[in-house]
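Below you'll find the structure, written out as structure tokens, and then a few comments.
Values quoted throughout were computed directly from the atomic coordinates according to the rules given, and no laboratory measurement underlies them. Keep in mind it's a predicted model, so treat the numbers as computed, not measured. Cβ coordinates were reconstructed from backbone atoms using ideal geometry, including for glycine residues, and neighbour counts include every protein chain displayed.
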Number of protein chains: 2
Amino acid sequence: MYFITGNRHKYEEAKVILGEIKMLSVAYPEIQADNLEEVVIYGIDYLKNKIDRNFFIEDSGLFIKSLRGFPGVFSSYVFKTIGNEGILKLMGGERHREATFISVVAYYNGKTHIFKGECKGKIAEKVKGDKGFGYDPIFIPEGSEKTFGEMETEEKNKYSHRGRAIRKLRKYLESC
Amino acid sequence: MYFITGNRHKYEEAKVILGEIKMLSVAYPEIQADNLEEVVIYGIDYLKNKIDRNFFIEDSGLFIKSLRGFPGVFSSYVFKTIGNEGILKLMGGERHREATFISVVAYYNGKTHIFKGECKGKIAEKVKGDKGFGYDPIFIPEGSEKTFGEMETEEKNKYSHRGRAIRKLRKYLESC
């Protein structure tokens, strides 16, 4: 089974849960949609006749309540431009810091199967930790005092949106 | 000829330059690309067999230098979430306020033709004016002291990225 992604961090997180999978970096169009499901379904449609075995793709986003869901579906682009510093600036003086990380996994084995994971939490007041990637150092999941940036992969997977979505995929695969 | 857009402001701006055109609101996928050209070319490919006469689409974005091009290709989404207030917050304390508005028009008449317009300027210190739409009230084009939000359509068209791209389309149509 392939995990089609260009992001080695995501691959490492998935491998801890799924065991032997192969990372394959194939570009596919990501549409500007309102939700992650549309993005991955469009991606699967593009990829399904090009890949010679079962595969999955994943898309995720950070949805900040006081910013009306920003950066959301565009989290990756926003990170590359304004980064964590920009998010903290936008959140400056804001007391309502609730945010949700969402991950959507789409698995294709002749049919498309969607698995969604969520992780509620809040935006930290400053960058903490240097593990993980992206917004990890500014996101504190519910039930922890640490940011994802301060956690090793196994600890992060317990809480994380991506861990939850990929465990749903594992459960599905075990049932097949 | 159709202008395929859901944005009445854009339609009005185009009509001042092109005369009789029809607005047609048909949704098409917008990909998460690095530049506007890719977005419109993908859109044309999707639309070309669905529309029964010549048509054009347009995509535009505001590229702020000190924010590494943010909000860029995702200007519309960013506007809907953090808005002008968010941009001004991100620019707080920033002396380098250079920004460029870019518009790309793609016209389809059996072949695809691309017309690009740019407008250099700077981000205002605060919201000014209530005309236009989107980032117009925080963008001051080079050669003016006013924001686009303080200009009537005809004055805005003289400077604007969209005006420039659509005048290139008009020139092409006249040469046919």
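Loop-located GluC sites (Glu not before Pro) in the range A:1-103 (DSSP state other than H, G, I, E, B) with a sparse environment of at most 16 neighbouring Cβ atoms within 10 Å: A:20, A:94. Residue A:170: net charge of surrounding residues, Cβ under 13 Å, Lys/Arg +1, Asp/Glu -1, itself excluded? Within the 13 Å Cβ shell, the charges total +3. Which aspartates and glutamates, if any, have their Cα less than 19 Å from the Cα of residue A:89, not counting same-chain residues under 8 positions apart? Qualifying aspartates and glutamates at Cα under 19 Å: A:98, A:125, A:136, B:85, B:94, B:125. Here is the list for the range B:99-144: chymotrypsin sites (Phe, Trp or Tyr not before Pro) lying in DSSP coil, each with at most 16 other C-beta atoms within 10 angstrom of its C-beta, are B:133.
Legend: Rg and Dmax of the protein assembly as shown, from Cα coordinates, 22.2, 67 Å. For the pair the range B:97-137 and the range A:125-143, the centres of their Cα atoms are 35 angstrom apart.
Extent along the principal axes, Cα only, for the range A:2-175: 50, 31, 23 Å, with the longest axis given first.
Sorted shortest first, the distances from the residue A:113 label point to those of the same residue in the other copies are 5.1 nm; each point sits 7 Å from Cα along Cα-to-Cβ.
Ordered by the number of other Cβ atoms lying within 10 Å of each residue's own Cβ, fewest first, A:53, B:170, B:164 fall into the sequence A:53, B:170, B:164.
Taking a straight Cα-Cα cut-off under 13 Å and skipping sequence neighbours fewer than 8 places away in the same chain, the aspartates and glutamates within cross-link reach of residue B:131 are B:12, B:13, B:150, B:152, B:154, B:155. In the range B:2-175, a dipole from Cβ-located charges (positive for Lys and Arg, negative for Asp and Glu) runs towards its positive end, and of B:32, B:175, B:115 it is B:175 whose Cα lies farthest in that direction. Spin-label pair residue A:15-residue A:126: with each label point 7 Å from Cα along the Cα-Cβ axis, the two points sit 3.4 nm from one another. Among residues other than residue B:86 with Cβ under 13 Å from its Cβ, the summed charge is +2 (Lys and Arg +1, Asp and Glu -1).
Strictly over 22 Å apart at the Cα level, which of A:22/A:171; A:80/A:146; A:65/B:120; A:120/A:156 would you flag in this model? In this structure, A:80/A:146; A:65/B:120 lie more than 22 Å apart at Cα.
Backbone phi angles across the range A:142-147, fed through the Karplus curve with coefficients 6.51, -1.76 and 1.60 (θ = phi - 60°), yield HN-Hα couplings of 4, x, 10, 9, 9, 7 Hz in residue order; Gly and Pro are listed as x. For residue B:16, inter-copy separations between label points set 7 Å beyond Cα along the Cβ vector come to 5.6 nm, shortest first. Distances between copies of residue A:45, taken at a point 7 Å out from Cα along the Cα→Cβ vector and listed shortest first: 1.3 nm.
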